[in-house]
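Please read the structure below before turning to the comments.
What follows draws every value from the coordinates through simple rules; no lab data is involved. Since we're looking at a predicted model, the values are computed, not measured. Cβ: placed from backbone, ideal geometry, glycine included. Neighbour counts: every protein chain shown.
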Amino acid sequence: MENSTICALASGMGGAVALVRLSGPQALSILKHLVCAEREFEPRKQIFCTIYDGKTILDKALVTYFQAPHSFTGEEVVEFALHASPYIKGRLLELLCQLGAVPAKRGEFSQRAFLNGKMDLLEAQGLCDLIAAGNKSAHDLAMGSLDGKLSERVNELKQQLSTLLAQIEVRLDDVDEEMTPLTDEFIRAELTNTLSRMRALTDTFSVGRLIKDGLKVAIVGVPNSGKSSLLNALLGFDRAIVADACGTTRDTVEETLEIDGQKVILTDTAGIRDHALDPAEQEGMRRSRCAMEKANVILFVQDTSRKPSAEELALFEEVKQQKKRIYIIRNKSDKSTSIHKLPEEELFTALAVSCKTGEGLDSLKKCLIGELDHAQTADGLMISNLRHYESLLRAQTELESALLQLPEDAGGEIYAEHIRGALMYLKDLIGEVTPDDILGIIFSQFCMGK
Ligand SMILES: Nc1nc2c(ncn2[C@@H]2O[C@H](COP(=O)(O)OP(=O)(O)OP(=O)(O)O)[C@@H](O)[C@H]2O)c(=O)[nH]1
Ligand SMILES: [Mg+2]
């Protein structure tokens, strides 16, 4: 248990009510000081109190006391629901510090909850992601982690490996060889089973990540093909300037769109051609190429009413070099039904679209969210955090080494060594053996007051 009592504003900007949180052994005594009366605070009951600043009234607020260990942090906790004036919030925090509290560091409430066994590391990180989630899919993903489903799965994997390890170890100690030995076949079958369950989870990472951060889509093409029109049509409002002239868009224009609860980040780019008119267009084209490199998906916009120019064919080759998911957008389908094919275009999906009539836009949206559809485990569990991915991958590598590199009948001890390694990584994932400095770094990425 920590000795210090920490305080922080737990609510965000705006709104009429602000929440200040106080956690630690002195929480209740500090509260009693502020209400200037010997009153009793029944745990988990909101009480309407007058908060004093010396002899003057600072605010009339709703106060809740949570008795240790039945609180978010597992410590004594007091929460103040105040009128959200910047003065009241700031002054209350000052008073709390004068009475012995210290300002909480980022994520310190969560870190204390973790250290007091209120949640494991996966759940704590789920909580952090939940607060940051800006759309339904990211929210569902974070919830899976917060409500312990992910921890449950990792614990099952841990359990499987621990049971196997115990079976091996007990035989290693059995010097009189009274027990039936484990066959190599049995050990391998068990390891293969755990490994495939582990892989099912690691395989969800790339899509999990996209769901959390959003699918980055770059709209690329030669000038005047209708890129900005496509951005506007997908968004449903006029975000970028559209004009007849070539080279209208000079800078990249980024906008976030939600399609069926999924986050998609669209970037309209300056048309790329051989010769820029001026340095600004040159810089715009450089930025177009950057956007293309950062994107997960590229929409190559073509004006189907025109035969592709040499410049356009060269750009298509450049886009292909990116080795990304590419959709060919045959734009301006209202103007022409002729199809001018691009080299090797059968390797990609091509869609007839008209930004003018709206034709093909729904199909395009379906394709985009389809990019986020695969790679879920059967029960919808996914991982999206790089640290989780790396720990799982390391555990997986241990099992793979045991299965692929060891000769048949390698002997229990050597299997045991790999299983112990894999178990270490799984324990690190849940935070059971994670060193303090690493924990400090993880929690410092949380938001203030959490
Ligand atoms: N008929 C028709 N015209 C379109 C369509 N999409 C775009 N246009 C027209 O094509 C011209 C160029 O459109 P933009 O969206 O500005 O093209 P862009 O690719 O962004 O051009 P730059 O920014 O210069 O690279 C405008 O006159 C648009 O109205 C379409 O689907 N049908
Ligand atoms: Mg444009």
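With the Kirkwood sum run over all distinct C-alpha pairs, the stretch 87-219 has a hydrodynamic radius of 19.1 Å. For the stretch 378-450, applying the loop criterion from DSSP together with a ceiling of 13 other beta carbons within 10 Å to the GluC sites (Glu not before Pro) yields GLU408, GLU432. Taking square-rooted eigenvalues a ≥ b ≥ c of the alpha carbon gyration tensor, is the chain rounded, prolate or oblate, where a/c under 1.5 means rounded and, failing that, a/b exceeding b/c means prolate? Judged from the Cα gyration tensor, the chain comes out oblate (a/c at least 1.5, b/c at or above a/b). The value obtained for the stretch 6-119, namely the Cα convex hull volume divided by the number of residues, is 96 Å³ per residue. All C-alpha pair distances within the stretch 210-370, sorted into 10 Å bins from zero, spread as 11, 45, 37, 7, 0 percent across the bins.
Under the convention that each Lys and Arg Cβ holds +1 and each Asp and Glu Cβ holds -1, the size of the dipole of the stretch 216-296 around its Cα centre is about 220 debye.
Multiplying the residue separation of VAL433 and GLU94 by 0.36 nm and removing their Cα-Cα distance gives an extension gain of 118.4 nm. For the stretch 257-274, backbone nitrogen atoms closer than 13 Å to the point 7 Å from PHE237 Cα along Cα-to-C-beta are found at 257-258. For the stretch 6-119, lysine pairs with C-alpha atoms less than 23 angstrom apart, excluding pairs fewer than eight positions apart on the same chain, total 11.
Using +1 at the Cβ of each Lys and Arg and -1 at the Cβ of each Asp and Glu in the chain, identify which of VAL170, THR202, CYS128 lies farthest towards the dipole's positive end. Projecting each Cα onto the dipole axis, the largest value belongs to CYS128. Modelled this way, with points 7 Å down the Cα-to-C-beta line, the labels at ASP140 and SER444 are 3.6 nm from one another. Relative to the Cα centre, the charge distribution of the stretch 210-370, modelled as +1 at Lys and Arg Cβ and -1 at Asp and Glu Cβ, gives a dipole magnitude of about 320 debye. Report the one residue of GLY12, TYR327, VAL297 whose Cα lies farthest in the direction of the positive end of the charge dipole of the chain (charges on C-beta: Lys and Arg +1, Asp and Glu -1; origin at the Cα centre). Value computed over the given set: GLY12. Take every DSSP beta bridge whose two residues both sit in the stretch 210-370; close to 25 percent of them are antiparallel.
Charged side chains reduced to their Cβ positions (Lys and Arg at +1, Asp and Glu at -1) give the chain a dipole of some 2300 debye around its Cα centre. Loop-located trypsin sites (Lys or Arg not before Pro) across the stretch 336-395 with a Cβ neighbour count of 14 or fewer within 10 Å are LYS341, LYS356, with loop assigned by DSSP. Annotation note: GluC sites (Glu not before Pro) in the stretch 288-388 located in DSSP loop regions with a Cβ neighbour count of at most 13 within 10 Å are GLU344. Between ARG188 and LYS365, the FRET efficiency estimated from the beta carbon spacing at R0 = 60 angstrom works out to 0.85.
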